[in-house]
Every structure is written in C-alpha cells, then in structure tokens.
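What follows draws every value from the coordinates through simple rules; no lab data is involved. Note that the structure is predicted; figures quoted are calculated from it, not measured. With ideal geometry, Cβ positions are generated from the backbone for all residues, glycine too; neighbour counts draw on all protein chains shown.
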Amino acid sequence: MRYSDEIIEEVRSRNDIVDVVGQYVHLQKKGANYFGLCPFHNEKSGSFSVSGHKQMYYCFGCGAGGNVITFLMKYDNLTFQEAVKQLADRAGVKLPDEDNSEAAKAMRDKKQILLDINKEAAKYYYYQLRSPNGQKGMEYFRGRKLSDETMQHFGLGFSNVTSDDLVQHLRKLGYKDAQIIEAGLASHDEKFGTHDKFWNRVMFPIQDASQKVIGFGGRVLGDGKPKYLNSPETPIFDKSRNLFGLNYAKNSRAGYMIICEGYMDVIAMHQAGFTMAVASLGTAFTTGQAMILKRYTDEVILSYDSDEAGTKAALRGIGILKEAGVKGKVLNLKPYKDPDEFIKNEGRDAFEERIRNAESTFFFETRILQEQHDMSDPESKTEFHRQLAKKLCEFEEALERENYIEAVAARYNIAVDDLRRLVASYAAKGGMVKPAERPRSGIQQKRSPEDGARKNQRLLLTWLTDEPNIYPKVSRWVKPEDFSDDLYRNVATKLFMGLENGNFSPAAILDNFTDEEEHRQVAEMFNTNLIDIETKEQRRKAFHDIIVGVRQAGYERQKKELKPDDPEFLNKTIQGKKEMERLLKADISPDD
Ligand SMILES: [Zn+2]
C-alpha cells in the first residue's frame, strides 16, 4: 500500500525523532543535539547524533542516517510502508484502508511484492509437504525426529520433483515471471524457460525478526548437489543481517543466545526447549549478525561442529564477537558432532550442563593453541608461553588483564611473575592493544576531485539547514543547478524551494526517497560540519570559500555542457566568467 505524501508528512511530523530514537538508544543532550552509542556499529564513544531541529539522525562513525522512518526501517528491518504504519499507530494517526484494486497492487512497494511472493511460496511448500507429493520430505523430517508441532512451528515444507509447479502456482496468483525470479524462487534459461529454483528438497523458510518470510534454505533429498541451497540475496534478503530462528530466539529470556551451524541444529534445539538458538544463513557468521544479536543479548555461545572446520569457524566467530563487543563462550559437544546429535543421545539436561560449562572464548583459544604445541619439547613449550603472553596483551583494561594473567599462570603451571614479565615485554614491543576495526558502512569510498566538490555542496547544505537565515545570501550566488549529481541537485532544489517559501523541513525532504542508501546520503548532506571555526573572520572566510567552491564546480560543468554552435555560447561563457570574477572579489559574510 502506498500512502499519500500528506499522510506520510503527518505521520512523520507527529513522531518526534528524539522521542522515538530515545526508546531504543540512550541519548544525552549536548549543545543543540542529542548523542548516544550508535546501534548500527560497535563503538565506545557516542558518535550517533539526533537533531530535534532537523528531525534527523546521523552517525559520524559509520555514516548511518535518515529521518524517523528510516531509523525504524533500519533498526527493526521494516519496509517503508511497515515503518509508516508502526509510527501511525504510535501517534494515533488513522491510515486509509488498504486498497486491493489491481491498480493499487501494481503501485505497491517492490519489496512488499517480493515479501508477498515469498509468503505464497512458503504456503505452497507447506501444503506440498503435507500432500501425497511430499511423502519423501515427511519421511526425512520424521527420520530426524521432528514432531508435527515443530514442523508446523517452523513452517517446514517441501518442493517436489516437478520443475516448474511453483512458478505455475505463482503465475496463477497474478505474479510476473520477472518478479518470481527477483524473489529468488525461479531461474530463467533458453532451454527450460522460467523454472523453479528449488525442487526435490525439504524447505526451511527463513523469517526475519518480525516473522516475515524473506527467503528459503532447501536440503536436497538423495545425493543431488548442492546438499543445501539457499535463496540468493534479494532486496528483502540480506544474508549478512539476518539469522535463522531469530524471530523466536529474540523472545527467549535465557539471557544469552546460542549460534549454531545449520537449520536442523536450530530446529532440534528449539524442539528440546533451547529457544535461544539461531544459525547464520549458509554463510559464515558476520559482524552485521553479531550487531543484531547484541540488541537482544550481551552473551553469545558458539556451538559449532566438533570437527576441524567447526573449530576454525568458532575461532573466526570469536573474532567477530570481539569486534562487535559481545561476550562470547564456546560450547564443547564432544564426542558428538553437533547439537542435534548430542541432544538425541544425551538428552536436554546433559545439554544444559554443557551450556553451563561453556568455555570462555579466551580459554577456548588458548586450548587450541596448546594443542598445536608439544608440551614435552622445551622449545615448543616456550613458544606456547610466548603466544599466551601475546594474547594477554589484547586485554585493554589493566585489572582484567591481571586477572587473566593469574588464571593463565594457574591453568598452565607458569610462575605468575615470569608470565607478567613476559606480557610486559610484549606490550612494550608491540603496543598494548590492537586498534579496533571500524565496521564499514558497506559503500566503497573513493577519493576524487568530485568528492571535493561534493564536500563543498554538503557543507553548504548543512550550513543552510543549521542557519536558514543565510539563505538569501547563498541564493544570490548559488542555484540548485550548481549541484553535481542527480541526488544532490534534487535535494538542493527541494531545500531551496522550502527556504524560498518559508516551509523549512529537512526531514520532509527525505520522504521523497524510500531507499535506505539514499536516506543515508541525504542525512550526510545535512550533517557535514566544518571544524575549528572560532572567530567571525574564520566563519566569513569559510562561507566565502564554500560558496565559491560550489559555484565554481557548477560553472565548470555548465561550461562543458554548452555547445559551441549554441548561438548564446559566447554570451553565456562571458557572463559566467564575469560572474565568477565578481564572486571571487565579493565580500559576503554569513553574519551582518
Ligand atoms: Zn554508527
């Protein structure tokens, strides 16, 4: 359902961004803005700012930004429409009833259509599993000792051996081949036309935190390849930011979460009552997933297979948890391979016991390190001690480091003073701690002259939103056409228009965009500040420089676009040149 601009504007303006964000992030007032710890990247100092004046948020650390609608979209993984709906409910704004006409359907947000297709597919697979066609799938799940209730709870299904029945079914519901392909459920080639992506597989619907089906995992029956097949990334399915089982695990009150390798592990654990289990989605555990877990818990237990690959995955997972600032532990499942097998053989009480005895990630790492060294060989043993000392250097806090030095000395039978000296010598050599790596915003940032021009444009847009009264002085020299890309020009046009008519609202400008990435970029345009401006003279100079910078770049570009056979060519060139000369000499100040 697409809402009118007026409704969106009303919903947005009746939800103050400071109130809404304040429900999720602890904010403190600093000057005109509020600051807190960014919920979208891991940090210790608050670079996440919320402006009541602009009704926008912006993170100076990772560049996340937008208005109150974007915030909810990103925080709760909602579509634009869902975020509007949630905010309307919050503010008591009545939304128009959903329109089911064909025309309205066509207008619906693309993401919503992909969600609808995935939902219909989940229903279809679910039905197939319970029909005669799905007997083989049913036998598989029963063989894995899943109860009917569990199968229903996870919406498990089956894609049968016919290679285009889902496509046929979805076409009947009115969806186009291109949409079905975009939803990741079909492929197209010359030989077979549009055909199902999944067939002869038991199907695991993947739901996001708010229960919507966003993709599937399918396990083949028999020896087909690949054994597990997952939906590709789509506009609604970002593998690095979702976890299987999170929709249920987020409500578990265990105080910790368990991350395991596969769908079957999660399902077996939930069936046994361990509803805090989640799995990454056919890819390695990512920082994005760790940040999502951090919203619900501060302790994550890694439960990977007890083989070499599992150990490697655990070591990697430990690094990711550290980076995200989440406390980690590692579960030992030996002699069994995975949680599913362990629970089947030893029962839930024994599993619970293993959870209680889960090893801290630090001692898991040192144990693996010890296994790689021969303790009967003095040379190898010394090397092991050196490695321990190096690892101990990673603790930033003196007290914590000291506690670990004592624990390690006791565990590995090393004289505590010797170990302390060794740690001190490594610390002196290599610096105490490794700098924490800052998560990337996902966008590659390249530096070019274009970036310099854009920086000036951002500085000017921010200045205009911070001090709207400078507008007449700016518009005397700069026009929206001077802004370089489409997005910048579009935003400048709207801001200039608003300032011209006296209805200034940067957050409303964002309502023209529904894409998160565009919101981020627009938020950046309104949050680029100059630092080190103290005197009035510095302000005057900066103001002049920025206006010259923006106008100059605009002038250069317009000059290139002029055609020499344009009858006005000479006139325009000369006029532009003259105007630049006047601007360079002009005495313009933001203050009077
Ligand atoms: Zn951030």
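For the range 275-315, a simple Cβ point-charge model (Lys and Arg +1, Asp and Glu -1, everything else neutral) yields a dipole of about 220 debye relative to the Cα centre. Can you bin the range 183-222 into rounded, prolate or oblate? Criterion: square roots of the alpha carbon gyration tensor eigenvalues sorted a ≥ b ≥ c, rounded for a/c under 1.5, prolate for a/b above b/c, oblate for the rest. The shape class here is oblate. In terms of other Cβ atoms within 10 Å, Tyr24, Tyr34, Tyr471 run from fewest to most in the order Tyr24, Tyr471, Tyr34. Distance between Cα centroids, the range 121-184 to the range 1-61: provide it in whole Å. About 41 Å separates the Cα centre of the range 121-184 from the one of the range 1-61. Between Asn345 and Leu530, the contour length at 0.36 nm per residue exceeds the Cα-Cα span by 60.2 nm. Please identify every one of the trypsin sites (Lys or Arg not before Pro) in the range 152-215 that sits in a loop by DSSP and has no more than 13 other beta carbons within 10 Å of its own beta carbon. Filter output for the range 152-215: Lys176, Lys191. Note on Glu516 and Lys44: the model spin-label points, each 7 Å out from Cα along the C-beta direction, lie 2.8 nm apart.
Projecting label points 7 angstrom from Cα along Cα→Cβ for Asp164 and Ala410 puts them 7.0 nm apart.
Label-to-label distance for Asp307 and Phe363 is 2.8 nm, based on points extended 7 Å past Cα in the beta-carbon direction. Extension gain for Lys572-Glu9 works out to 198.6 nm (0.36 nm per residue, less the C-alpha to C-alpha distance). Using a/c under 1.5 as the rounded threshold, could you call the chain rounded, prolate or oblate? The axes a ≥ b ≥ c are square roots of the C-alpha gyration tensor eigenvalues, and prolate needs a/b larger than b/c, oblate otherwise. Oblate, since a/c reaches 1.5 and b/c is not below a/b. Among the GluC sites (Glu not before Pro) within the range 551-592, those in coil by DSSP and having at most 14 neighbouring Cβ atoms inside 10 Å are Glu568.
Take the Cα of Lys334, go 7 Å toward its beta carbon, and the backbone nitrogen atoms of the range 283-307 under 14 Å from that spot belong to 305-307. Net length available on complete extension from Glu581 to Leu487 is 31.0 nm, with 0.36 nm assigned per residue and the Cα-Cα distance removed. Think of it as helices only: each DSSP H run of n ≥ 4 in the chain is worth -39500 (n - 2.57), and spread over all residues that comes to -15500 deg cm²/dmol at 222 nm. Here's the picture: charge each Lys and Arg Cβ at +1 and each Asp and Glu Cβ at -1 in the chain, and of Pro226, Phe483, Leu156 the one pushed furthest to the positive end of that dipole is Phe483.
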